[in-house]
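S.K.: Below is a structure I'd like to ask you about.
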């Protein structure tokens with residue numbers, strides 16, 4: 001199928017165009033259906049959920065479930081809502097993302113612009129970290145966190161996520177800076193800028209696309225992580241994902257689907273927002289370096 | 001302003017020797033051009049002078065002081081890069097002032113220096129723009145401006161004009177020469193363009209494969225290239241190199257060129273062949289610049305002119321003058337004459353050869369005799 005700009009489509013082209021758009025619309029529905037079900041279910045009352053059609057819009061929309069989830073829902077045995085855990089996740093994600101992004105940038109800078117002997121091997125070893133499954137490190141990580149006195153705390157989780165994220169952030173920044181012109185660094189050196197000045201004044205201001213990519217990647221991973229959260233911080237410091245699990249998997253009372261759905265939406269909202277706000281940079285960032293200029 | 005000495009400088013990348021002992025001595029205020037084909041090590045040498053590449057052996061001296069271990073920023077040099085290397089996140093003004101900012105020069109002073117240079121280069125209107133909003137020529141000017149505000153002892157130019165279109169390149173070339181005359185600062189300029197080298201330099205260093213081939217004034221390099229490589233590299237079209245034999249001819253010497261029909265063409269050497277007597281009977285290469293072979297009317301008035309009849313293979317009018325490919329003996333040579341010269345393709349015509357401009361090379365060593 002060729003694409004004609006501004007011209008008349010022939011009948012066969014018109015036919016295929018209709019097929020194409022129909023397919024796109026169908027797939028869009030398929031992908032949006034779960035979100036739709038979550039939203040309408042969270043707005044229904046329990047009675048309506050039990051008796052009604054899954055896809056039907058709510059007869060009497062109400063945010064009761066959202067309020068309950070936020071302030072009263074039982075997370076395990078404590079019925080104080082998920083608000084505390086929601087903020088726990090922020091307290092974990094923001095420093096974890098900031099630190100791992102910054103360190104990844106410094107790593108990338110050193111690995112490309114201040115090359116030392118064995119830099120490539122060093123980078124290869126760091127890359128290795130990207131392929132280590134989470135489960136393998138659980139026990140040694142628990143030991144280390146215990147020795148550091150960080151077990152069951154948010155700083156402990158931050159440390160875990162920084163360690164794990166560093167491999168990816170280093171990879172991103174290293175590849176981005178590889179394409180960054182060396183002559184700019186040379187010019188800055190001649191101008192009298194030292195190691196960190198070159199980094200702050202020249203490299204970082206020109207790294208926005210890759211910073212956005214890294215932040216989205218890291219934030220999504222850290223926020224959505226369940227395994228580390230459940231293993232290393234299941235009590236008061238538990239992140240949102242663990243709280244969500246505890247709300248949904250409660251075995252003590254009636255299954256409140258509307259509250260579960262509201263909680264799940266709370267849990268998904270921050271990552272969604274990050275995508276929406278920074279998404280256009282994400283695509284741009286992934287493409288950066290492919291074409292000069 | 002400063003003098004620059006490069007003493008037996010060697011550069012190795014691993015086992016590969018990129019520079020094999022370079023000696024260059026540039027006086028204060030000199031416009032030194034490093035020229036050579038790609039990969040000859042000229043940019044590496046420039047980077048070593050700048051301090052951006054380490055020196056494996058030998059010494060680089062600025063103003064009589066060895067600077068091998070001196071940090072680039074403390075060498076008091078400024079460099080213009082081939083890609084211009086303007087900081088994309090800063091305005092032109094900030095770009096130019098960055099070096100002074102790093103040196104903690106107060107803002108009013110920085111602004112004054114930037115304004116002065118901007119006026120000199122006529123880029124005042126661009127100061128608030130970012131590099132992305134500039135044309136190639138404007139970027140080039142800003143890159144020069146950034147070097148100029150520093151008021152360094154030595155300017156280093158790394159192929160600064162190679163990204164410009166042909167017309168702009170010629171304009172900027174003139175501008176750089178004007179700037180040099182005005183400022184009098186020592187300049188080291190790297191290029192692979194031999195015309196740039198000839199027009200700009202007070203002295204040229206011709207390099208090949210990490211070896212300095214010749215270091216002399218442009219005229220000296222043009223008239224008396226030290227070896228076959230320099231003869232072929234400098235000048236366009238290049239010097240004609242004709243296989244020949246030195247022979248005794250009465251009291252003096254003559255040079256014999258084999259022709260297609262196994263006769264020999266004799267050119268008398270009236271006093272030009274000093275030092276050639278040792279080569280009597282041996283093969284040499286006779287080097288003649290295209291403009292040393294002309295039609296009779298436009299032959300040089302002085303010197304040792306000899307007339308030879310040649311067949312004209314091809315004529316190539318370039319506008320200002322005409323290039324003609326002739327058969328001199330059995331060898332094709334290029335000659336250059338006025339565009340009005342009465343020379344036609346396929347005809348036998350008499351040509352004047354200025355033998356006092358001739359140079360000879362040893363066929364074995366390819367060095368000038």
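S.K.: As a footprinting exposure proxy, order A:92, B:115, B:239, B:348 by other Cβ within 10 Å, with the fewest listed first.
M.R.: In order of increasing Cβ crowding within 10 Å: B:348, B:115, B:239, A:92.
S.K.: Regarding the stretch A:11-62, what is the average projected area of its C-alpha convex hull, in nm²?
M.R.: Projected area, direction-averaged: 4.4 nm².
S.K.: Can you tell me the mean projection area, over all orientations, of the convex hull of the stretch B:4-233's alpha carbons? Units nm², please.
M.R.: 12.7 nm²
S.K.: Another question, if that's okay. Can you bin every Cα-Cα distance in the stretch B:6-99 into 10 Å intervals starting at zero and give me the percent of pairs per bin, rounded to whole numbers?
M.R.: The distribution over the stretch B:6-99 is 14, 43, 31, 12, 1, given as percents.
S.K.: Semi-axes of the equivalent ellipsoid of the stretch B:200-309: what are they in whole Å, largest first, if each equals the square root of 5 times a C-alpha gyration tensor eigenvalue?
M.R.: Those come to 27, 18, 14 Å.
S.K.: If you wrap a convex hull around the alpha carbons of the stretch A:63-106, what volume per residue comes out, as a whole number of Å³?
M.R.: Roughly 70 Å³ of hull volume per residue.
S.K.: Let me test this: with uniform point scatterers at the alpha carbons of chain A, what is the Debye-based log₁₀ I(q)/I(0) at q = 0.09 1/Å?
M.R.: These q points yield log10 I(q)/I(0) values of -0.63.
S.K.: Among bridges DSSP assigns within the protein assembly as shown, what percent are antiparallel (round to 5)?
M.R.: 80 percent
S.K.: Turning to a different aspect of this structure: Given N residues in the stretch A:3-93, what is Rg(Cα) / (2.2 N^0.38 Å)?
M.R.: Output field value: 1.80.
S.K.: Still on this structure: Determine, for B:332, A:183, the number of other Cβ atoms within 10 Å of each Cβ, and report the residues in order from fewest to most.
M.R.: B:332, A:183
S.K.: On to the next question. Relative to the longest principal axis of chain B, what angle (0 to 90°, nearest 10) does the C-alpha long axis of helix B:92-102 take?
M.R.: Once rounded, the angle reads 70 degrees.
S.K.: Based on DSSP H runs of at least 4 residues, each adding -39500 (n - 2.57), what is the mean residue ellipticity at 222 nm of chain B after dividing by all its residues, to the nearest 500 deg cm²/dmol?
M.R.: -7000 deg cm²/dmol
S.K.: I'd like to know how the stretch B:143-208 sits against the 2.2 N^0.38 Å rule of thumb: what's its Cα Rg over that expected value?
M.R.: Taking the Cα Rg and dividing by 2.2 N^0.38 Å, one obtains 1.08.
S.K.: Something else now. In angstroms, what radius of gyration and Dmax does the stretch B:121-172 have, counting Cα atoms only?
M.R.: For the stretch B:121-172, the Cα radius of gyration and maximum Cα-Cα distance read 11.5, 31 Å.
S.K.: Compare B:35, B:66, B:188 in a GNM of chain B, Cα atoms joined below 10 Å, and give the one with the largest fluctuation.
M.R.: B:66
S.K.: Using only Cα atoms, tell me the angle between helix B:107-121 and the longest principal axis of chain B; keep it within 0 to 90° and round to the nearest 10.
M.R.: Taking the Cα atoms of chain B, the angle to B:107-121 is about 30 degrees.
S.K.: Exposure proxy check: A:23, A:111, B:134, B:34 ranked by fewest other beta carbons within 10 Å?
M.R.: A:23, B:134, A:111, B:34
S.K.: Stokes-Einstein D for the stretch B:217-282 at 4 °C, 1.567 mPa s, Kirkwood Rh over Cα pairs, in µm²/s?
M.R.: 96 µm²/s
S.K.: So what's the angle, to the nearest 10 degrees on a 0 to 90 scale, between helix B:136-149 and the longest Cα principal axis of chain B?
M.R.: Approximately 70 degrees, to the nearest 10.
S.K.: Here is a further query. Provide the descending list of Cα extents for the protein assembly as shown along its principal axes, expressed in whole angstroms.
M.R.: 126, 73, 50
S.K.: Beyond 18 Å, what share of the Cα-Cα pairs of the stretch A:146-267 remains, rounded to the nearest whole percent?
M.R.: More than 18 Å apart: 66 percent of the Cα pairs in the stretch A:146-267.
S.K.: Please state, as a whole number in µm²/s, the translational diffusion coefficient that the Stokes-Einstein equation yields for the stretch B:303-364 at 20 °C and 1.002 mPa s, with Rh defined as the Kirkwood radius across alpha carbon pairs.
M.R.: Translational D for this selection: 171 µm²/s.
S.K.: Report, as a whole number in µm² per second, the diffusion coefficient that Stokes-Einstein gives for the stretch A:116-201 at 10 °C and 1.306 mPa s using the Kirkwood radius over alpha carbon pairs.
M.R.: It comes out at roughly 101 µm²/s.
S.K.: Determine the calculated [θ] at 222 nm for chain A from helices alone, applying -39500 (n - 2.57) to every DSSP H run no shorter than 4 residues and normalising by the residue count; nearest 500 deg cm²/dmol.
M.R.: Rounded to the nearest 500, it is -23000 deg cm²/dmol.
S.K.: Over the stretch B:240-362, what relative contact order in percent results from Cα pairs under 8 Å that are six or more residues apart?
M.R.: 29 percent
S.K.: Can you tell me which of B:79, B:234, B:90 moves the most in a GNM of chain B? Springs connect C-alpha atoms under 10 Å apart.
M.R.: Of the options given, B:90 has the highest mean-square fluctuation.
S.K.: In a GNM of chain B with a 10 Å cut-off on Cα contacts, which of B:125, B:137, B:184 has the highest mean-square fluctuation?
M.R.: Checking each option, the largest mean-square fluctuation is seen for B:125.
S.K.: Another question, then. Using only the alpha-carbon atoms of the stretch B:240-362, report the extent along each of the three principal axes, biggest first, to the nearest angstrom.
M.R.: 43, 32, 23
S.K.: Antiparallel versus total DSSP beta bridges in chain B: what percent is that, nearest 5?
M.R.: 80 percent
S.K.: Two decimals, Cα atoms only, Kirkwood Rh: what is Rg/Rh over the stretch B:112-222?
M.R.: Taking Rh as the inverse mean 1/r over Cα pairs, Rg/Rh reads 1.00.
Where a number appears in this text, it was derived from the coordinates with a stated rule and is not lab data. Fair warning: this is a prediction, and the values are worked out from it, not measured in the lab. Cβ: placed from backbone, ideal geometry, glycine included. Neighbour counts: every protein chain shown.
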